[in-house]
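**Q** Here it is, the structure, as structure tokens.
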Amino acid sequence: MKKFLAPAIVTGITMASRVFAGPAGDNPGITIAANKEQVIDNILCPIIDYAFVIIMILSVLMVLYAAFLYVTAGSEDEKFSKAHKVLIYAAVGIVVALLARGFPYVIASLFGADGSLISC
């Protein structure tokens, strides 16, 4: 548990610094978006970007773990089947991450916004 806690804390601090970082001395306050594309760009795109990065990192780590299980399985069927399941979960994670990248365009089309103006 301790081996997992330190990287999780470092990742949390790094993500928090990216979220709260902004230009020094320039605090425009809350702004209301002028159109639907701005709402999607300002709210949905950053959430999708962070989710994409986190899911892809976890998927790569899962693939590495599955590879380790395959290598160390030898003749143990339990480890082999566990590695196979982990590899399938990693593949599903990658598919979910790639689908998440297209999610803002689906939302834009549902609300009638022009998908070509979205900059995610």
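The values are calculated or read from the model by the stated rules, or taken from the named source; none is laboratory data. This one's a predicted model, so the numbers in the text were calculated from it and none came from an experiment. Cβ atoms come from the backbone with ideal geometry, glycine included; neighbour counts cover every protein chain shown.
**Q** Condition check: modelled with pLDDT of 75 or more and either assigned to a helix (DSSP H, G or I) or surrounded by 12 or more Cβ atoms within 10 Å (Cβ to Cβ) (or both). Does Ile40 satisfy that? First the steps, then the outcome.
**A** Working: modelled with pLDDT of 75 or more: no; either assigned to a helix (DSSP H, G or I) or surrounded by 12 or more Cβ atoms within 10 Å (Cβ to Cβ) (or both): yes.
For Ile40, the condition - modelled with pLDDT of 75 or more and either assigned to a helix (DSSP H, G or I) or surrounded by 12 or more Cβ atoms within 10 Å (Cβ to Cβ) (or both) - is not met.
**Q** Take the residues in the range 81-90 that are among the hydrophobic types (A, V, I, L, M, F, W, C) and surrounded by 14 or more Cβ atoms within 10 Å (Cβ to Cβ), then tell me which one is farthest from Ile57 (Cα to Cα).
**A** Result: Ala83.
**Q** Ok, one more. Take Tyr50 and tell me if it is exposed (fewer than 15 other Cβ atoms within 10 Å of the Cβ) and modelled with pLDDT under 90.
**A** Judged against the criteria, Tyr50 is a match.
**Q** Looking only at the range 59-79, which residues are in a helix (DSSP H, G or I) and exposed (fewer than 15 other Cβ atoms within 10 Å of the Cβ)?
**A** Val60, Leu61, Leu64, Ala67, Phe68, Val71, Thr72, Asp77, Glu78
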